[in-house]
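Enquirer: Let me give you the structure first, and then I'll get to my questions.
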Amino acid sequence: MKDFPQHSLKVILAAPRGFCAGVNMAIECLELSLDLFGAPIYVYHEIVHNKHVVESFKGRGVQFVNSIEEVPPSSLLLYSAHGVSPALRTEAKDKKLRTIDATCPLVTKVHVEALTFAKQGFHIILIGHAGHDEVIGTMGEAPQSISLVETPEEVEALPFSRTDRLAFLTQTTLSIDDAARIIEVLKKKFPQIVGPKKEDICYATTNRQEVVRQLCPQADVVIVIGSQNSSNSQRLKEIAEAEGKPAYLIDQASELDAAWIASKRSVLITAGASAPEKLVQELVERLQNEFGATVETAKLREEKVHFSVPKELLLAEQNRKTSSVKTLTEHSRN
Ligand code: SF4
């Protein structure tokens, strides 16, 4: 029998964790596209921000591109879950590319809000991270009418007055606390500012963050499964640190350093919205096999959100089914 460390280690599995409805839908779009149309399929940027998901699609003939120039004419191009700007859509149209839009509807909601505020003559203060795909896409809806801020200090430096028509929006995957702090400063500096009717930070980001915050007191260390470029995964790690716990963001079980859990009694495991559950289970197995860990799931929220793939894909699938039924019928008649 294997010798485990003297102390017992408990794994607390946070729930909900991992894939959100937007990521599920984007992956389903790409799976279905491969099935219906075959490779090669082009995707603008990463379909979701996860190394494993991207690598596995690359192995099946999906090519991830950073510009429309890289896509051959008449090819099939998929827009990722994070959305794209209208300028990019126009570029793809001009090149006569066939496109499928896998943008998460909750990202589209922010695009629509940006466009609506801009049309109403508001200048929009977008709270988000510079360079993130979602922020680039949203700013592209009304480039002349949007300013990006990342910190309360940047709000203080904004060149607007209390008589300007201002509105704010946020990226969907921000830290709830950071966003609330920035909004507070915005409202203090510009009392006339208006916001979205309903929160822009999405349900999945909110749930994963609140669950980690609530479970942190029970844990000695926190491990987040997710990629470094995943905004919501980074926020989960930061929240655990803000709660005073050592926290690590890793892509897979092999990156776990045994020193992180030496002499620890409980480890909280969660996963960013783009991290596959398989990777969580591999980490749990490693902790069970090497450290004799016991496992308990702490489910603090229910999630029943589902987004359907775009109509054009459903229609293509329907057509395929109809034509295969026709072929079968004709075959049996002959
Ligand atoms: Fe959509 Fe939220 Fe998932 Fe982003 S994290 S894809 S906004 S559900």
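The values are calculated or read from the model by the stated rules, or taken from the named source; none is laboratory data. Here the structure is a predicted model, which means the values were calculated and not measured. We place every Cβ from the backbone using ideal geometry, glycine too, and count neighbours over all the protein chains shown. Keep in mind that these areas ignore ligands, DNA and RNA; they rest on the heavy atoms of the full protein, side chains included. Shrake-Rupley method; radii C 1.70, N 1.55, O 1.52, S 1.80 Å.
Enquirer: So, taking all protein chains as they sit and a 1.4 Å probe, how much accessible area belongs to I182, in Å² rounded to tens?
Expert: 10 Å²
Enquirer: A 19 angstrom limit on the alpha carbon distance is what I want to check against. Which of K10/K245; K109/K299; K51/K93 exceed it?
Expert: With Cα atoms farther than 19 Å apart: K109/K299; K51/K93.
Enquirer: Now a separate question. Under the definition of Cα pairs under 8 Å and six or more residues apart, what whole-number percent is the relative contact order of the chain?
Expert: Computed value for the chain: 26 percent relative contact order.
Enquirer: E296 versus K321, label points 7 Å from Cα toward the beta carbon: distance in nm?
Expert: If labels sit at E296 and K321, their model points lie 4.4 nm apart.
Enquirer: Step through the residues of segment 13-27 one at a time and calculate ³J(HN,Hα) from phi using the Karplus curve (6.51 cos²θ - 1.76 cosθ + 1.60, θ = phi - 60°), rounding each to whole Hz and writing x for Gly and Pro.
Expert: Whole-Hz 3J(HN,Hα) from phi for segment 13-27: 8, 5, 9, x, 8, x, 2, 9, 5, x, 5, 4, 5, 5, 5.
Enquirer: With springs connecting C-alpha atoms under 10 Å apart, model the chain as a Gaussian network and identify which of S145, S308, S323 has the largest mean-square fluctuation.
Expert: S323
Enquirer: Give me the accessible area of F64, 1.4 Å probe, in Å² rounded to the nearest 10.
Expert: Approximately 40 Å² for this residue.
Enquirer: Now a separate question. Given H placed on each backbone N at 1.01 Å, which residues far from Q63 in sequence or on other chains put an amide H within less than 5 Å of it?
Expert: Amide H neighbours of Q63: I41, Y42, V43.
Enquirer: Contour minus end-to-end for S161 and Q214, with contour as 0.36 nm per residue of separation and end-to-end as the Cα-Cα distance?
Expert: 15.1 nm
Enquirer: Pop out the ³J(HN,Hα) list for segment 163-168 in order, Karplus 6.51 cos²θ - 1.76 cosθ + 1.60 with θ = phi - 60°, rounded to Hz; leave Gly and Pro as x.
Expert: Along segment 163-168, the couplings run 9, 6, 7, 10, 9, 10 Hz.
Enquirer: Still on this structure, please answer the following. Which far-off residues, 5 or more places away or on another chain, put their amide H under 5 Å from the one on V221, with H placed in the peptide plane?
Expert: Under 5 Å from the amide H of V221: S266, L268.
Enquirer: Rounded, prolate or oblate: which one fits segment 68-157, using the alpha carbon gyration tensor with axes a ≥ b ≥ c (rounded when a/c is under 1.5, else prolate when a/b beats b/c, else oblate)?
Expert: prolate
Enquirer: Right, next: Can you work out the Karplus-derived ³J(HN,Hα) for every residue in segment 190-198? Use 6.51 cos²θ - 1.76 cosθ + 1.60 with θ = phi - 60°, whole Hz, and x for glycine or proline.
Expert: Working through the residues one at a time gives 10, x, 7, 5, 10, x, x, 4, 10 Hz.
Enquirer: May I pose another question? On the accessible surface of the chain, probed at 1.4 Å, how many percent belong to carbon and sulfur atoms?
Expert: Solvent-exposed carbon and sulfur of the chain make up 52 percent of the total.
Enquirer: In what sequence, largest accessible area first, do F160, F37, F190 appear using a 1.4 Å probe? Write out the running numbers ahead of the final one.
Expert: Numbers: F160 50, F37 90, F190 0 Å².
My answer, sorted largest first, is F37, F160, F190.
Enquirer: Could you give the spread of the C-alpha atoms of segment 173-280 along their three principal axes, from largest to smallest, in whole angstroms?
Expert: If we take the Cα atoms of segment 173-280, the spans are 52, 26, 19 Å.
Enquirer: In addition: Given a Förster distance of 45 Å, report the FRET efficiency between K198 and W260 from their Cβ-Cβ distance, rounded to the nearest 0.05.
Expert: 0.70
Enquirer: Right, next: How high is the FRET efficiency between S67 and D35 when r is their beta carbon distance and R₀ equals 22 Å, given to the nearest 0.05? Present the calculation step by step, with values, prior to reporting the outcome.
Expert: On the way: r = 27 Å, r/R0 = 1.21.
With a Förster radius of 22 Å, E is 0.25.
Enquirer: So how far, in whole Å, is the C-alpha centre of segment 127-152 from the one of segment 247-316?
Expert: Segment 127-152 and segment 247-316 have Cα centres spaced 30 Å from each other.
Enquirer: Moving to a separate point now. So, in nm, how far is label K187 from label L314 when the simple model puts each one 7 Å beyond its Cα toward the Cβ?
Expert: Between K187 and L314, the simple spin-label model gives 3.8 nm.
Enquirer: Still on this model: Over the Cα atoms of the chain, Rg to Rh with Kirkwood Rh, two decimal places?
Expert: That ratio is 1.04, to two decimals.
Enquirer: Continuing with this model, one more query. Search the structure for amide H atoms under 5 Å from the amide H of V71, placed 1.01 Å from N in the peptide plane, and list their residues when 5 or more places away or on another chain.
Expert: It is none; the list stays empty.
Enquirer: May I pose another question? Between segment 44-75 and segment 154-221, what is the separation of their alpha carbon centroids in Å?
Expert: 32 Å
Enquirer: On to the next question. Within the set of other residues whose C-beta is less than 14 Å from the C-beta of P105, count the net charge using Lys and Arg as +1 and Asp and Glu as -1. Can you show the working numbers first?
Expert: Details: positive: K109, K198, K311; negative: E28, D101, E113, E134, D200.
So the surrounding residues net to -2.
Enquirer: Ignoring everything except DSSP H segments at least 4 long, calculate the 222 nm mean residue ellipticity for the chain; use -39,500 (n - 2.57) per segment, divide by total residues, nearest 500.
Expert: So the calculated ellipticity at 222 nm is -13000 deg cm²/dmol.
Enquirer: How high is the relative contact order of segment 155-211? Use alpha-carbon pairs under 8 Å, at least six apart in sequence, and give a whole percent.
Expert: 48 percent
Enquirer: Could you state the per residue volume, in Å³, of the convex hull enclosing the Cα atoms of segment 103-144?
Expert: Per residue, the Cα convex hull of segment 103-144 comes to 64 Å³.
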